[in-house]
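Asker: Let me give you the structure first, and then I'll get to my questions.
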Amino acid sequence: GDSVTQMEGPVTLSEEAFLTINCTYTATGYPSLFWYVQYPGEGLQLLLKATKADDKGSNKGFEATYRKETTSFHLEKGSVQVSDSAVYFCALGSYSNYQLIWGAGTKLIIKP
Amino acid sequence: DGGITQSPKYLFRKEGQNVTLSCEQNLNHDAMYWYRQDPGQGLRLIYYSQIVNDFQKGDIAEGYSVSREKKESFPLTVTSAQKNPTAFYLCASSPGGGRYEQYFGPGTRLTVT
């Protein structure tokens, strides 16, 4: 079945460091891919998405490119801030049941 | 302003009581979802509904019930049969029609003692 694998956290970085959070997937066909962010005590917010191979989603300085060859959708940011501290979830849209299949989440901690 | 509202933000109940969590959306979305999130954990799907008057069990439906009588509303009842109900509950909606992105409410933190 469809699945999403994210790198385990927590990921701890200093402010202004470069961020990569890895996400790989297994799915039939070419699903839509998503990154969500969850700040403490809040609901999830859609951060960015890509709907076909080679698409690049971007928002608030974050980027992710849909790589069909490596079945990956890694999240990147050039210079992180303390305010980026949150949990990040990767997800794919499953054709089999019209739902999102979720990764386990990666906690990001940014130190000043 | 379009969005999803969940109420209340915090809810406290005694063991053995049923409790209903509210979820309303004014996005005109067809699909709605309920997730459970335990501390430091990911999302687990409880129930979902693709259309009014129809809903399906998710991965952890035991001890929960839902209804979908209106497009805008998808209330979740946590029954006394749910063995471990204390958790953070998240409601989401999705446009449907081949679009998979889900939009979330702020969540309800339920504590049962």
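Read the figures in this text as sums done on the coordinates, not as results from a lab. It should be emphasised that the depicted structure is a prediction, and the values quoted were computed from it without experimental measurement. Because the Cβ atoms are built from the backbone with ideal geometry, glycine has one as well, and the counts that use them run over all protein chains shown.
Asker: When you look at the Cβ of every residue in B:94-103, what mean number of other chain Cβ atoms sits within 10 Å?
Answerer: 5
Asker: Give, as ranges by residue number, the residues of the stretch A:56-74 whose backbone N falls under 17 Å from the point 7 Å along Cα→Cβ of A:S83.
Answerer: Residues A:59-63 fall inside that zone.
Asker: Give the lysines reachable from B:K70 as a straight Cα distance under 23 Å; neighbours fewer than 8 places away on the same chain don't count.
Answerer: Cross-link targets: B:K9, B:K57.
Asker: Step through the table entries A:K49/B:K83; A:K60/A:K111; A:K68/A:K107; A:K111/B:K83, compare each Cα-Cα distance with 30 Å, and write down the pairs that go over it.
Answerer: A:K49/B:K83; A:K111/B:K83
Asker: Next question, about the same structure. Would you mind computing, in nm to one decimal, how far apart the modelled labels at A:E76 and B:Q41 are, each placed 7 Å from Cα along Cα→Cβ?
Answerer: For A:E76 paired with B:Q41, the spin-label model returns 3.5 nm.
Asker: Quick one: if you stick a label point 7 Å off each Cα along the C-beta vector at A:E69 and A:T5, how many nm between them?
Answerer: It is 2.0 nm.
Asker: Here's another thing I want to ask about it. Pop the C-beta distance of A:K60 and B:S80 into the FRET formula with R0 = 45 Å and round what comes out to the nearest 0.05.
Answerer: The pair A:K60/B:S80 has a calculated efficiency of 0.55.
Asker: Just grab the label-to-label distance for A:S96 and B:Q56, each label 7 Å out from Cα along the Cβ direction, in nm (one decimal).
Answerer: About 1.1 nm, to one decimal.
Asker: Turning to a different aspect of this structure: Please list, by residue number, every one of the GluC sites (Glu not before Pro) in the stretch A:1-63 that is coil in DSSP and has at most 12 other beta-carbon atoms within 10 Å.
Answerer: Answer by residue number: A:E8, A:E16.
Asker: With +1 on each Lys and Arg Cβ and -1 on each Asp and Glu Cβ, how big is the dipole of the stretch A:45-112 about its Cα centre, in debye rounded to the nearest 20?
Answerer: 100 debye
Asker: Across peptide A:37-49, how many C-beta atoms of other chains are within 10 Å of each residue C-beta, on average?
Answerer: 4
Asker: Moving on. Roughly how many debye, to the nearest 20, is the charge dipole of the protein assembly as shown about its Cα centre, given +1 on each Lys and Arg Cβ, -1 on each Asp and Glu Cβ, and no other charges?
Answerer: 360 debye
Asker: Could you state, as a whole-number percent, how many of the C-alpha pairs of the protein assembly as shown are farther apart than 31 Å?
Answerer: Counting every Cα pair in the protein assembly as shown, those more than 31 Å apart make up 22 percent.
Asker: Would you mind checking the stretch B:66-88 for residues with the amide N under 13 Å from a putative spin-label position 7 Å along Cα→C-beta of B:T5?
Answerer: The answer is B:73.
Asker: Quickly rank B:7-15, B:103-111, A:20-28, A:65-73 as a protection proxy: mean count of other C-beta atoms within 10 Å, highest first.
Answerer: So the peptides B:7-15, B:103-111, A:20-28, A:65-73, ranked by packing, come out B:103-111, A:20-28, A:65-73, B:7-15.
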